[in-house]
Amino acid sequence: MDEDRKTPEQRAQMTDIERLRHSTAHVLATAILKIWPEAQFAAGPPVDNGFYYDVDLPHRISPDDFEKIEAEMKKEIKANHPFERVEVSRDEALALGTKGRLAALSDRNEPSKFKLDIIENIPPGETISLYRNGDFIDLCAGPHVMRTGNIGAFKLTSLASAYYKGDEKNPQLQRVYGTAFKTRKELDDYFAMLEEAKKRDHRKLGRELELFVFDDDVGPGLPMFLPRGAVIAEELEKLAKETEFAAGYQRVRTPHIARESLYRKSGHVPYYVESMFPPMELLEEGDRKKLENLAIAKAKHLKSFDEASERVWVRFFDELKKPETSREDLFDELGLINAAEDADRAQIARIDELSRSLGDRYYLKAMNCPHHHKLFAALPRSYRDLPLRLAEYGTDYRYEKSGELFGLMRVRSLQMNDAHLYMTPEQFEAEFNAVNQMYLNYFKLFGIDKYLMRFSTHDPAKLGQKFVDEPELWKKTEDMTRNVLKNSGINFVEVPNEAAFYGPKIDVQAWSVIGREFSIATNQVDFAQPRSFDLRYKDRDNTEKTPICIHRAPLGTHERFIGFLIEHYAGNFPLWLSPEQVRILTIGDEPELLDYARAILNELRGHQVRAEIDISTDKINGKIQRAEQMKVHTMFVIGKRDLEAKVISVRVHGRGNLGATPRDEVISTLLEQIKTRAA
RNA sequence: GCCGACGUAGCUCAGCUGGUAGAGCAACGGUUUCGUAAACCGUAGGUCACGGGUUCGAAUCCCGUCGUCGGCUCCA
């Protein structure tokens, strides 16, 4: 924690709006104390869209309390108290905290426990400061606005719970969120913007445009695509297949499940097993009984060991009490405890191993790489075969925690634009760059201009737990990747401790128009799995070598990418992606007119255009209204006049009536736009 | 997973402190023949998420389960 601590200088660099919001947090605390004087406060910083203050309070704050709290806040703002800074010594700060005076309106019977803890964590020599507004005094580095009256407009927004310092071992606090602006208008604009954002929410549009649904009987996080949504997935697949074919990829197909042994080799068990669905067990009747008995044996063993270990510890503490027991004897005692624990672990491991040897276990695949590695290994490979690029729109299942699920963005079933590239070290730079280039081309096509490349590296402290234990290879591949990034001139930020378990990676983060953040693409280096799968190629010098592998998914998963595109385009897809590209709307229902409309429909469908026809009894305005609501890209409005002149009146969603044009011209322009994936 | 809010017709929502469920749109059946964002009339549609409890009586109150949403990194 301490190494990440902000210096007082860094804290002082708050923007004006952060400063305002931070001050509002103090006003919030002031108001809460007026209502509940026993409240204990922890931290109250400004955050992205506002501020919060964490409070420990027996009363459970509900949104119904907001009005009351806001009324007290308004009084404090109206009083226009100055924010006064006072620097104090550590002893003075501790004395105030002990009297309960920190984050309080007066001395209290209970000490300000969180504030005292925070003081403990302030490094020696660093200035300790307090801020005061009216009766409220808080331990605070600042900075603040000059007076409470400078807070123009604010609103409490929501409640959440949060662990003190984000650690689940710490007590749970109530977190009150709010936001504040200099002026009332800015506050209103902010809430208006949130309303606008809601309209673009992919979950809302997904329902309205009939793209996808969730169903309780199918299960949480398991989206099903309706025909209109499936169209988008298929168009994306076509795009990927074309692009990848041109880039020398080859397509493969693999099953959705595999035996446990595959995932032991890959390292998914144990490194990734938390994120996988529990295995399907194929057991004979007798095996099941054996397995139950082994589970009982394990439980008994753990229990008897606990009791035995308790006795040993008691003996150790007894010895500890006797001053005459020598240092050496005490260490010997400890050594006995360790030895006993090791023996115990070995026995537990043997029981686990016996359990595993029974029956067969199959996992739903969470990634496609192990299967692809097996395909690499299926044939003898020469350096002449490299780089070998195996691509598949693989279907994966990941057991995301229930609280993490979110619309299409975080799901448990997903289809990934996946491929694994196997290469020699000399080929790495070119391949890695080509993948990055592929992203950038896609981004251009979709008009994504705001994105960030995150280069994730490992944390040496977590080797063997979160990351495979290969310190040398980590360093080598991270250096190699960093160099490629630097040489290519792509902007990136480096994020420690977020690598995949098998190697460093690059994620491309983008923001949808409503400001929601997405990791949409990924490019990962894997030095670990090729080794554990013993993948080899015969090099020029007739020796066998292990290839480097790149995992990459430039369009991420269908689920997330489609979710992103829905918000990005606000449901107004470009022609080539549009679920319904053309709807023909007839004015009247004379047989000749319907024949003309149907002939156009058939011609379009003959060219693989997704076209529909509306010959309902609605008036033309009604037909247009419905087509517009479904965001149909192009409407062909066909009446008697069009029939006679052999023209089509074209109306484009969002652009209105474009007038009548000869039939052949309209259709050839349309086909050309689809073919070129025009924006 | 944890904390909180929410769950009423296909969709959007109403239903006050408990008295037996309602509107608009969509659907369906008619009538209407309309030139660029909604013609008219009618019909049907609900185990009020699920399970239990309190009560003479529960969509409404209580408990549990499931699901959805917000938050759980941002450190005086």
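The values are calculated or read from the model by the stated rules, or taken from the named source; none is laboratory data. Please read all numbers here as calculations on a predicted model, not as lab measurements. Ideal geometry is used to build each Cβ from the backbone, glycine not excepted, and the neighbour counts take in all protein chains shown. To get the accessible areas, we keep the full protein, side chains included, count just its heavy atoms, and leave off ligands, DNA and RNA. Shrake-Rupley method; radii C 1.70, N 1.55, O 1.52, S 1.80 Å.
Structure values in brief
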quantity: Checklist (1) within 17 Å of the chain's Cα centre (by Cα); (2) crowded, with 18+ Cβ neighbours inside 10 Å; (3) farther than 28 Å from A:E242 by Cβ applied to A:E478, failing item; calculated: (1)
quantity: Residues of region A:563-604 that turn out to be modelled with pLDDT under 95, open to solvent by less than 10 Å² (accessible area, probe 1.4 Å) and more than 14 Å from RNA strand B (Cβ to nearest atom), as a count; calculated: 2
quantity: Condition met for A:R253 (open to solvent by 20 Å² or more (accessible area, probe 1.4 Å) and touching a Pro at 6+ places or on another chain (Cβ under 8 Å)); calculated: no
quantity: Residue list for region A:158-178, restricted to those being within 8 Å of RNA strand B (Cβ to nearest atom) and in a strand (DSSP E or B); calculated: A:S158, A:L159, A:A160, A:S161, A:A162, A:Y163, A:Q172, A:Q174, A:R175, A:Y177
quantity: Single match in A:Q608, A:Q524 (criterion: of a type outside the set (V, I, T), free of Cβ contacts under 8 Å to residues at least 60 places away in the same chain, touching a Pro at 6+ places or on another chain (Cβ under 9 Å) and open to solvent by 20 Å² or more (accessible area, probe 1.4 Å)); calculated: A:Q524
quantity: So A:E87, is it more than 30 Å from A:A192 (Cα to Cα), surrounded by fewer than 20 Cβ atoms within 10 Å (Cβ to Cβ) and not hydroxyl-bearing (S, T, Y); calculated: yes
quantity: Pairs where the first residue, in region A:402-426, is within 27 Å of A:T481 (Cβ to Cβ) and the second is open to solvent by 50 Å² or more (accessible area, probe 1.4 Å) and part of a loop (DSSP other than H, G, I, E, B), C-beta under 9 Å, 6+ apart; calculated: A:M409/A:R516
quantity: Answer from A:D217, A:D201, A:D117 - the residue that is closer than 22 Å to A:P46 by Cβ, of a type in the set (D, E, K, R) and within 10 Å of RNA strand B (Cβ to nearest atom); calculated: A:D117
quantity: Some residue of region A:123-130 being in the same structural domain as A:A29 (by TED's automatic domain parsing), at positive phi, near RNA strand B (Cβ under 10 Å from one of its atoms) and in a loop (DSSP other than H, G, I, E, B); calculated: no
quantity: Filter result (over 29 Å from A:I77 (Cβ atoms) and touching a Phe, Trp or Tyr at 6+ places or on another chain (Cβ under 9 Å)) within region A:92-134; calculated: A:D117
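Here is a yes/no grid of residues against (1) open to solvent by 40 Å² or more (accessible area, probe 1.4 Å); (2) aromatic (F, W, Y); (3) over 23 Å from A:E260 (Cα atoms); (4) outside any helix (DSSP H, G or I):
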position: A:F277; (1), (2), (3), (4): yes, yes, no, yes
position: A:K298; (1), (2), (3), (4): yes, no, no, no
position: A:S304; (1), (2), (3), (4): yes, no, yes, no
position: A:E307; (1), (2), (3), (4): yes, no, yes, no
position: A:D318; (1), (2), (3), (4): yes, no, yes, no
position: A:L336; (1), (2), (3), (4): yes, no, yes, no
position: A:D344; (1), (2), (3), (4): no, no, yes, no
position: A:L354; (1), (2), (3), (4): yes, no, no, no
